[in-house]
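Just so you know, all these numbers are worked out from the coordinates, no wet-lab data involved. The structure presented is a predicted model; accordingly, all values stated were derived computationally and were not measured. Every residue, glycine among them, receives a Cβ derived from its backbone with ideal geometry; neighbour counts consider all protein chains shown.
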Amino acid sequence: MKNNAKNFAYLLNKQLLSEKYALELKKIFLKIKAKNITLINMEKDIVVPLKSTIKTFELLKGSEMHVIKDLGHSPQHSHPDKVKEIILEILNK
């Protein structure tokens, strides 16, 4: 089952990161003028790979990025205290 989830995540990301989709996302991200955008990604996330978040971070000028080490997708379920800690850190700035 674990292999099937990895394969699905890989195929989904391959499709989502296709050139056409990436170009459309880039156009959208470059139009965003909001301030205080914070991206949170997990180091071992196979659904939303870190490289995707890094690309988004580079496009969203003035954004901030947090990477939670050693965790995969959906840490709000597996490690809610860690997620809470990061959110509180962001809100207390």
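Under 7 Å between Cβ atoms, at least 6 apart or on separate chains: pull out the pairs that start in the range 39-63 with a residue that is without any contact (Cβ under 8 Å) to a residue 24 or more places away in the chain and end on any residue that is of a type in the set (Asp, Glu) and not in a strand (DSSP E or B). Once the first residue is without any contact (Cβ under 8 Å) to a residue 24 or more places away in the chain and sits in the range 39-63, its partners that are of a type in the set (Asp, Glu) and not in a strand (DSSP E or B) give 50/43. Scanning the range 53-71 for residues that are touching a helix residue (DSSP H, G or I) at 6+ places or on another chain (Cβ under 7 Å) and either in a helix (DSSP H, G or I) or closer than 17 Å to residue 24 by Cα (or both) returns 56, 59, 60.
Number of residues in the range 48-64 that are within 9 Å of the chain's Cα centre (by Cα) and of a type in the set (A, V, I, L, M) equals 3.
Counting only residues that are surrounded by 16 or more Cβ atoms within 10 Å (Cβ to Cβ) and closer than 20 Å to residue 89 by Cβ, the range 40-55 holds 5 of them. Do we find a residue being of a type outside the set (Gly, Ala, Ser), more than 10 Å from the chain's Cα centre (by Cα) and at positive phi anywhere in the range 28-40? Scanning the range 28-40 turns up at least one residue that is of a type outside the set (Gly, Ala, Ser), more than 10 Å from the chain's Cα centre (by Cα) and at positive phi. Scan the range 72-93 for residues that are in contact with a strand residue (DSSP E or B) (Cβ under 6 Å, 6 or more places away or on another chain) and either of a type in the set (A, V, I, L, M) or assigned to a loop (DSSP other than H, G, I, E, B) (or both) and the total you get is 3.
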